[in-house]
Amino acid sequence: MADYYQEMGWEPLAEGQAPNHMVHFERFLRDFGIFLNEEGSNDLAPPASKTVVENLPNVTISDPGAACPVCLKHYLESDTVKKLPCKHTFHAGCILPWLSKI
């Protein structure tokens, strides 16, 4: 009867050889079917509806220490940004294209 390594087509590590964790992780992902299909587009979330995007509130920044999570630039005091339902804020030019992506 074949042992586990032979069954899986693997060879045990040689003396002093370190395991390649990335190979093991890739095998895990492959075995559980987690890889995206080649196009990748079927696994993306649908774009936000135009109504939702158009109705995102504009807010004026009062804390100039905060930064846009997309471009990482710090907001300037009195900048007007878009506020999502999760309460995160973004420059309109950063978030609006992303929300409308297909």
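What follows is calculated from the coordinates using simple rules that are stated; it is not laboratory data. Note that the coordinates shown come from a computational prediction; the quantities given were computed from them, not determined experimentally. As a convention, Cβ positions derive from the backbone with ideal geometry for all residues, glycine included, and neighbour counts pool all protein chains shown.
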At 7 Å along the Cα-to-beta-carbon direction for both K83 and A45, put a label point, then send me their distance in nm to one decimal.
-> 2.0
Sum of side-chain charges, G93 neighbourhood, beta-carbon under 12 Å (Lys, Arg +1; Asp, Glu -1) = +1
Between V70 and L99, with labels modelled 7 Å along Cα→Cβ, what's the label distance in nm to one decimal, could you check?
-> 0.9
Potential extension, F28-Y4 segment - 0.36 nm per residue separation minus Cα distance = 7.1 nm
